[in-house]
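Structure first, then comments.
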Amino acid sequence: MNHMAEKYAGQDVGSVFIYTHEAHPGEHYPHLTSMEQKHQHAAALRELIGDARPIYLDALDGACHRAYGCMPNMTWIFARSGIPVYKSEWTDHRSVANALDYFLDVKQRRRNRHKLAPFKVERLDYRDSDRERFFEGLARSGPKAVREFEESGF
């Protein structure tokens, strides 16, 4: 997403990361109990993944996360007017790039005075699923996170 934010920044597209909560708390990254702790976890994540985008912190009670769907890795794209034009239950850079390219094309078509009418689309996208890498991430949170995930049956 960092690369994509850089790629589209020159086309008047902004990108932010909203840090909601620990999806799989463990001994190293436990359940959040303070905004100071949340800030520390977000800073550690920024360092780990090298994200240069602004990171906003959700309220401790997760108000933003609940308002926008409660999934652990969502992406939303909003028009300047604040209208949501894209919502994905999972962040996949190919899907997001496809949507951005489409909406930038719409913007250009409007500038060229094309008469456009909106319509809704629903589609099924696919993302890479690297179970080994996922468990490496769980392990960063601690053995408790790994154990609880394994016990959940997923």
Checklist entry - In the set MET35, MET74, which member is free of Cβ contacts under 8 Å to residues at least 60 places away in the same chain and surrounded by 14 or more Cβ atoms within 10 Å (Cβ to Cβ)? => result MET74
Next on the checklist: Restricting to the stretch 74-105, name every residue that is over 13 Å from the mean Cα position of the chain (by Cα) and either at positive phi or hydroxyl-bearing (Ser, Thr, Tyr) (or both).
Outcome noted: SER81, GLY82, TYR102
Checklist entry - Can you spot a residue in the stretch 81-91 that is in contact with a Pro (Cβ under 6 Å, 6 or more places away or on another chain), surrounded by fewer than 16 Cβ atoms within 10 Å (Cβ to Cβ), within 27 Å of ARG133 (Cβ to Cβ) and free of Cβ contacts under 8 Å to residues at least 40 places away in the same chain? => result no
Item to check | Residues located in the stretch 43-66, provided they are within 14 Å of the chain's Cα centre (by Cα), hydrophobic (A, V, I, L, M, F, W, C), under 27 Å from PHE154 (Cα atoms) and modelled with pLDDT of 95 or more | outcome: CYS64
Item to check | Test: GLU27 is farther than 25 Å from ALA97 by Cα, in contact with a helix residue (DSSP H, G or I) (Cβ under 6 Å, 6 or more places away or on another chain), at pLDDT 95 or above and among the charged types (D, E, K, R) | outcome: yes
Checklist entry - Exactly one of (1) without any contact (Cβ under 8 Å) to a residue 40 or more places away in the chain; (2) under 18 Å from the mean Cα position of the chain (by Cα); (3) farther than 19 Å from PHE17 by Cα; (4) part of a helix (DSSP H, G or I) is unmet by ASP128. Its number? => result (4)
Checklist entry - Which of the residues that make up the stretch 113-147 are surrounded by 12 or more Cβ atoms within 10 Å (Cβ to Cβ) and aliphatic (A, V, I, L, M)? => result LEU138, ALA139, ALA145, VAL146
Next on the checklist: Looking only at the stretch 103-154, count every residue that is closer than 26 Å to LYS87 by Cα and small (Gly, Ala, Ser) and tell me the total.
Outcome noted: 3
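The values are calculated or read from the model by the stated rules, or taken from the named source; none is laboratory data. What you are looking at is a predicted structure, and each value in this text was computed from that prediction instead of being measured. Virtual Cβ from ideal backbone geometry, glycine too; neighbours counted across all protein chains shown.
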